[in-house]
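Below you'll find the structure, written out as structure tokens, and then a few comments.
The values are calculated or read from the model by the stated rules, or taken from the named source; none is laboratory data. Small disclaimer: the values here were computed from a predicted structure and weren't measured. We place every Cβ from the backbone using ideal geometry, glycine too, and count neighbours over all the protein chains shown. Remember, those area values only see protein heavy atoms, side chains included, never the ligands or the DNA or RNA. Shrake-Rupley method; radii C 1.70, N 1.55, O 1.52, S 1.80 Å.
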Amino acid sequence: VTEYKRNYRDHMVGEFLRDEEGDSSPRENPSIRSHYTALTITRERQGGHGAEHGAVGCANTSSGPATTTVTAQTLFRPDEDGQTPRVVVLVGAPGMGKTTTVRKVMVEWGEGTLHEQFDCVFCIDCKSIALPKEASVADLVSQCCPHQQVPAGNILDDRKILFIFDGFEALGFSLVQPEAELSSDPREVKPLETTLMSLLKRTVLPEASLLITTRPTALQSLGQCLEGEYYTEILGFSAAMREEYFHRYFENANKADMAFRFARGNEILYSLCVIPVMSWTVCTTLEQELCRKKNLLECSKSTTRMTMSYLSQLLKHRDRDNLEVLQRFLLQLCSLAADGIWKHKVLFEEKEIRDRGLDQPDLLPLFLNEKISQEGRDHRKVYSFSHLHLQEFFAAMFYVLEEDEETVSDLGRHEKDVNKLLESYSESRKDLNVTVQFLFGLVSQKSIEYVDKTIGCRISPQAREELLKWLQGRYKGIFHPGQALKISELDTFHFLFEMNEKSFAQSALGHFSDLDLQDMKLTLYDQMALSFCIQQWAGLGCVTLRGCSFHWQDPGVELDVLLWQEELHCPIHLLCRALRHPGSALQVLRLQWCWLSESCCAELAALLAEHPSLVRLELGDGALGNSSVRLLCQGLRRPGCHLRVLW
């Protein structure tokens, strides 16, 4: 038995450290030792039945149950009353880290960290293990180490045993078994359902501990057959954990900083990184970008593209032969999302799910979390998207996906009018900003091809035309005839940067001649969007920035000059670089009360020295000192300077 345990531990460490899938990339299942990052969870005693306290990934944990961090040691630690859990149910949406946590438990036990808690740990992967129709508990143990002769009878005499059922929802059979049929002998062969129920009901090996990971959809049936269980729900990465994950993923500290600051500067992307598999998707994408380029200042991978990569991760094990079912499901899901966004609604009733035909057990849990809502004595099921931004993504898809006539008549739902959405956003519904940004990302040519390739759905070219017309006419009613048309909203640049198509940006900006932004704190992401658009804006004659500040980093954090691999590091570097692009027709540049540093004046001097059409520069800034003015004068002396007015 001792020799078996030693061999079994070695086998488990090797098994759970290696890639889980032969066809996965080395980065997809990295070493648990070096890459595992703790997760935030809620924990509560029996009766909670999972997430009642808000959407997974965006729960307001301050008003719900206490939060802690998931580690192998803390899953079975005593509660505040000193009671040690025997049954722990770990709940989480797809991609939240349930299986990764199981791998961590197995490796820590194999390496000796959990020896005091458990003599043996057996993991049953419910998603892929070939379970027999009839089996004893001893047979299940033998399945965990198929290449060795297992002295199961002796092993099961140990009192400190942990059984792990990973992906419990995948078993897919009834948990209702007559009490009289349950077994008390771990060597007794019974129908598999009966053997599993005997473990869950603790009629066999009552001293053993159980760890069950599941999606929320299996909670109600699971809760009916457990006693004394503790529920833990994975909420994903906290802010500190997100940064830690990026540093663990990248072996190079500079690259880790670069990637994290890129994600941190994009509010939507950073918020989605609370989902561990989304953090992985972003890191993988940025790593590929860094292999091609020295920096991320011109990263063309939009939030939409990264979200679609996340969607591909969820669907990669789906049967490709049944695409029609998936397509119809996604159309209904997008309709639900859009209806919710319009009505400020994030929780959906079970009837809404059934009426739309979304109650498909193999698809529903991938996109929606099931919760048990308690109002008085009534318990009812409600559903929510894993994250609000994912609901906004699917709402945007609703407006751009083409449908056949049969599907349209089937849905009988929310009006599909892109112009109405855009008008509402322009007039009052600023909460639709993220949905509109996803709209632009989805109609890019790359997205159209990607959606067609991965799920076989078509994105309407008409939606693309409607978005272009909306941008072109967005400010026309504000100005008098003959007055220069100017853009004064930063979101226009966000939308075009999300789409990242030069020809579309050129068409959208061609009707405007002025840029005028006031009192804005421009993040690195804002500056990247602005830089991209200025380079496509052939008719830009006047740039006015009043009271705008340029931020390249988080406050109080020193940014390594080498971090972005730029020779000159100053706040307006991206702006000036964009204004120097060939074909620029800029005539007037106003930077008023932007608190320009000495390095900014050096950058402006370089711009003055070579810009062929810049004739007027206004710097209404009390912070300029003698040394800054001297730098400007160097640019004014250069033969290539055509400036006529300095204010």
Self-check item: Label point distance in nm, Q288-Q220, each placed 7 Å from Cα along Cα→Cβ
Solution: 4.0
Quiz item: Excluding ligands and nucleic acids, what accessible area in Å² is computed for R77 using a 1.4 Å probe, to the nearest 10?
Solution: 90
Quiz prompt | Fully extended contour minus Cα-Cα distance, from E179 to T203, at 0.36 nm per residue | solution = 7.7 nm
Exercise. Enter the accessible area per residue of segment 184-327 (Å², integer; probe 1.4 Å; all protein chains in place).
Key: 37
Quiz item: Under the Karplus relation 6.51 cos²θ - 1.76 cosθ + 1.60, θ = phi - 60°, what is the ordered set of whole-Hz ³J(HN,Hα) values for segment 277-282, x standing for Gly and Pro?
Solution: 5, 6, 4, 4, 4, 5
Quiz item: Which trypsin sites (Lys or Arg not before Pro) from segment 604-647 combine a DSSP loop assignment with at most 16 other Cβ atoms within 10 Å?
Solution: R644
Quiz prompt | Vicinal HN-Hα couplings computed from phi for segment 132-144 (Karplus, 6.51 cos²θ - 1.76 cosθ + 1.60; Hz; Gly/Pro x) | solution = x, 6, 10, 6, 9, 4, 4, 5, 4, 4, 5, 5, 6
Exercise. Could you list which residues have their amide H under 5 Å from that of I487, counting only those 5 or more apart in sequence or on another chain, with H placed in the peptide plane?
Key: D514, L515, D516
Quiz item: Please identify the GluC sites (Glu not before Pro) of segment 576-621 that satisfy two criteria: DSSP loop assignment and at most 13 other Cβ atoms within 10 Å. Which are they?
Solution: none
Practice problem: Under 15 Å from the Cβ of D621, count the other residues' Cβ atoms, weight Lys and Arg +1, Asp and Glu -1, and hand me the total. | Solution: -2
Practice problem: Could I have the simple spin-label model distance between A239 and Q506, label points 7 Å from Cα toward Cβ, reported in nm to one decimal? | Solution: 4.2
Quiz prompt | Added length on full extension, which subtracts the Cα-Cα distance from 0.36 nm per residue, E349 to V325 | solution = 6.4 nm
Quiz item: So how exposed is R215, as accessible area in Å² (1.4 Å probe, rounded to 10)?
Solution: 50
Quiz prompt | For segment 212-219, 3J(HN,Hα) per residue [Karplus equation, 6.51 cos²θ - 1.76 cosθ + 1.60, θ = phi - 60°, Hz, x = Gly/Pro] | solution = 10, 9, 7, 7, x, 5, 8, 5
Practice problem: Give the long-range amide H neighbours of I212: residues separated by 5 or more places, or on another chain, with amide H under 5 Å away, using H modelled in the peptide plane at 1.01 Å from N. | Solution: V88, V89, L90, F165
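Run the accessible area of segment 239-301 with a 1.4 Å probe and give the carbon-and-sulfur part as a rounded percent. Walk me through the numbers before you get to the answer.
Numbers: 1110 of 2460 Å².
Summing carbon and sulfur atoms, their accessible area is 45 percent of the total for segment 239-301.
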Self-check item: Amide H contacts of Q536 (H built 1.01 Å from N, under 5 Å, at least 5 apart or other chain)
Solution: none
